[in-house]
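The values are calculated or read from the model by the stated rules, or taken from the named source; none is laboratory data. Note that this is a predicted model, so its numbers are computed, not measured. Here the Cβ is made from the backbone with ideal geometry for all residues, glycine too, and neighbour counts use every protein chain on show. Quick note on the areas: whole protein, heavy atoms, side chains included, nothing else; ligands and nucleic acids left out. Shrake-Rupley method; radii C 1.70, N 1.55, O 1.52, S 1.80 Å.
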Amino acid sequence: MTKVIVNEELAGLRLDEALTRVGAAASRSKVQSLIKEKKVLVNDKTETSHYKLRLADVITYQEYTNKPLEVEGENIPLDIIYEDDDLLVINKPCGLIVHPGNGHSEGTLVNALKYHEDNLANNDDPVRPGIVHRIDKDTSGLLVVAKNDEALAYLSSQLQDHTMHREYMALVVGLIDEENGKIDAPIGRDQNSPTKFAVNLHKGREAITFFHVEKRYEEKVTLVSCRLLTGRTHQIRVHLDYIHHPLVGDPLYGQGNKQIHEGGQLLHAYRLTFIHPRTKKEVSFEAPLPSYFTEILASLHEKQN
């Protein structure tokens, strides 16, 4: 047990806030878990997270330890575009999380992979076996999964040197004037929100997105194709919001962008190109837009004619 005597700096704070400040766990939610599990005492008594500390209170707590995550295989259907001894190319549906984390230990792509596949790269990792790259929960489209460590290393290196090409279709708010564009704006965590990312010109990591206008609609939305040079978390979503054209339906970025669609961002990874780890030849795969996306485009087309 670790002991903390409340000083003037901690006095008046909530119990969970004070424990987060002193580093009892990496986040307030994990501190709150300690408190709920009665692993925290104040003056030898259990208290709630809301307890307001007083000067000279004595807090004793157990250090937070991550519970080992056990990911079970689940019979979740997979849309396998291509498969061989080294890899799988999967068309991920909207709504499917790629790997466990943040309270999600089931119902993910990894759960499905562990059910359907006997061999995956980096099988000792319970969270990301075989995972080369991710796409967001509400983004649909193509992912490559490695079946052995050699394939994982080879494919991952292509992500690092930008020789793996990932192309997306997106429907965005507003009419983009340019036919083509390059967004070169570094991305880092949003200082005001733990779940968001943002352009940070001083501390962000390099992020480059190319876009091409496919079609403009009278409803003042634009269909664009995007190609990632880098692969930052939420990159396309952040970049298009940054130039004031947020993705239609995006629940996290943009405002006034859910009139047409409320079921998550209209973003689809439609083409994936890379060098095959065994043949060393370039391969390219495509996945059609999901039906809900094509239905929205058809409706926009009808209104335009």
| said: Go through (1) touching a residue at least 24 places away in the same chain (Cβ under 8 Å); (2) loosely packed, with under 15 Cβ neighbours inside 10 Å; (3) assigned to a loop (DSSP other than H, G, I, E, B) for Glu214 and report which single condition fails. | reply: (3)
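Do we find a residue being in contact with a Ser or Thr (Cβ under 8 Å, 6 or more places away or on another chain) and either without any contact (Cβ under 8 Å) to a residue 12 or more places away in the chain or open to solvent by 60 Å² or more (accessible area, probe 1.4 Å) (or both) anywhere in segment 86-94?
Pass one, segment 86-94, residues in contact with a Ser or Thr (Cβ under 8 Å, 6 or more places away or on another chain): 91-94.
Okay, now just the ones that are also either without any contact (Cβ under 8 Å) to a residue 12 or more places away in the chain or open to solvent by 60 Å² or more (accessible area, probe 1.4 Å) (or both), so 93.
Yes.
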| Hits in segment 137-158 - residues which are closer than 21 Å to Leu96 by Cβ and surrounded by fewer than 20 Cβ atoms within 10 Å (Cβ to Cβ) | Lys137
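Test Leu175 against the criterion of being over 17 Å from Tyr253 (Cα atoms), modelled with pLDDT under 95, of a type in the set (A, V, I, L, M) and assigned to a loop (DSSP other than H, G, I, E, B), and give yes or no. So that I can check it myself, show each step before the final result.
Numbers: over 17 Å from Tyr253 (Cα atoms): yes; modelled with pLDDT under 95: no; of a type in the set (A, V, I, L, M): yes; assigned to a loop (DSSP other than H, G, I, E, B): yes.
So Leu175 does not fit the description; no.
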| If a residue has to be open to solvent by 30 Å² or more (accessible area, probe 1.4 Å) and aliphatic (A, V, I, L, M) to count, how many in segment 160-197 make the cut? | 3
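Out of Thr222, Thr209, I need the residue that is assigned to a strand (DSSP E or B), at pLDDT 95 or above, under 21 Å from the mean Cα position of the chain (by Cα) and among the β-branched types (Val, Ile, Thr). Which one? Please lay out each step first, then the result.
Values: Thr222 fails: under 21 Å from the mean Cα position of the chain (by Cα).
It is Thr209.
Results for (1) touching a strand residue (DSSP E or B) at 6+ places or on another chain (Cβ under 6 Å); (2) open to solvent by less than 20 Å² (accessible area, probe 1.4 Å); (3) among the hydrophobic types (A, V, I, L, M, F, W, C), shown as yes or no for each residue.
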{"residue": "Val31", "(1), (2), (3)": "no, yes, yes"}
{"residue": "Glu37", "(1), (2), (3)": "no, no, no"}
{"residue": "Lys52", "(1), (2), (3)": "no, no, no"}
{"residue": "Thr60", "(1), (2), (3)": "yes, no, no"}
{"residue": "Glu63", "(1), (2), (3)": "no, no, no"}
{"residue": "Val71", "(1), (2), (3)": "no, yes, yes"}
{"residue": "Ile76", "(1), (2), (3)": "no, no, yes"}
